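Engineer: Okay, handing you the structure first.
The values are calculated or read from the model by the stated rules, or taken from the named source; none is laboratory data. What you see is a predicted model; the values in this text were computed from it and never measured. Cβ placement follows ideal geometry from the backbone for every residue including glycine, while neighbour counts extend to all protein chains displayed.
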Amino acid sequence: MPKVVPEYKEEAKRRIINAAIDVIAERGSDQLTFDRVAKKIGVTKGAVYWYFKTKDELIIAVMKKFKCDFERITFDSFYNRSLEETFLQIFDTFTLTDNRQRAIFFEMFAQAIRSSDIRHATRDYYTGLVATFEDVIEKGQKQQIVNSKVDPHTLALLMVALYSGLQNYELVWMCPEEIRDLWIKGMNLLFECKSVDSSEHK
């Protein structure tokens with residue numbers, strides 16, 4: 001009989017998912033095994049199998065965790081700020097700020113190439129990100145800050161593409177300060193906003 005994880009079901013799943021995140025960050029997704037996950041939390045491999053039947057299923061759970069973390073953040077407080085400040089706050093909130101998080105994020109992309117299920121989970125994450133940007137853009141249109149003729153969804157897709165591309169730049173090329181300044185400049189070009197001094201919002 002496998003050793004039973006001591007917490008209730010959702011807590012047990014949370015511990016397993018967090019252990020999987022640790023393994024992916026340390027070794028890469030190719031080295032993610034149920035044995036390594038089980039060792040992280042002091043249970044048998046059978047206990048991990050009780051909640052996740054396959055490696056892909058566990059990786060998808062990791063992506064869903066990221067999406068849930070994303071959805072738990074509300075933007076009500078952002079709406080009292082200018083549009084420029086709002087998008088700068090969004091960037092600062094969701095930028096990949098540490099190497100562990102960045103490693104996991106790009107590992108998920110690699111896995112998405114090989115697995116349609118993981119690809120769908122990754123797409124769901126981006127769908128949520130686009131929806132957040134779109135919501136703020138529509139708010140700007142109601143406040144007559146953004147041109148009402150602009151399609152919010154198209155502009156949101158462009159903003160997410162810019163965001164994702166800048167994350168790649170930081171991985172291999174630019175420092176965080178340069179990335180942040182480029183985000184502001186790109187945002188101003190897309191929205192034709194006045195310039196924002198990034199030093200005022202750090």
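Engineer: Which residue pairs have Cβ atoms under 7 Å apart, sit 6 or more places apart or on different chains, and have a first residue in region 132-153 that is in the same structural domain as Leu189 (by TED's automatic domain parsing) and buried (at least 19 other Cβ atoms within 10 Å of the Cβ) and a second that is among the aromatic types (Phe, Trp, Tyr) and not in a helix (DSSP H, G or I)?
Structural biologist: Thr132/Phe75; Val136/Phe75
Engineer: Kindly list, by first and then second residue, each pair from a residue in region 174-190 that is assigned by TED's automatic domain parsing to the domain that holds Ser164 to a residue that is at pLDDT below 85 and among the polar types (S, T, N, Q), limited to pairs with Cβ atoms under 7 Å and residues at least 6 apart or on different chains.
Structural biologist: Here the result reads Arg180/Ser198; Asp181/Ser198; Ile184/Ser198; Asn188/Ser195, each pair linking region 174-190 to a residue that is at pLDDT below 85 and among the polar types (S, T, N, Q).
Engineer: Right, here's the next one. Determine which single condition His153 fails, assuming it passes every other condition in (1) more than 21 Å from Ile184 (Cβ to Cβ); (2) out of contact with any Pro (no Cβ under 8 Å at 6 or more places or on another chain); (3) at pLDDT below 90.
Structural biologist: The single condition His153 does not satisfy is (3).
Engineer: I'm told Ala110 meets every condition in (1) assigned to a helix (DSSP H, G or I); (2) surrounded by 14 or more Cβ atoms within 10 Å (Cβ to Cβ); (3) not aromatic (Phe, Trp, Tyr) except one. Can you identify the failing condition by its number?
Structural biologist: That leaves (2) as the condition not met.
Residue-by-condition table, conditions (1) farther than 30 Å from Cys175 by Cα; (2) modelled with pLDDT under 90; (3) among the polar types (S, T, N, Q); (4) surrounded by 14 or more Cβ atoms within 10 Å (Cβ to Cβ):
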| residue | (1), (2), (3), (4) |
| --- | --- |
| Val23 | no, no, no, yes |
| Glu26 | no, yes, no, no |
| Asp30 | no, yes, no, no |
| Ile41 | yes, no, no, yes |
| Cys68 | no, yes, no, no |
| Thr97 | no, yes, yes, no |
| Arg102 | no, yes, no, yes |
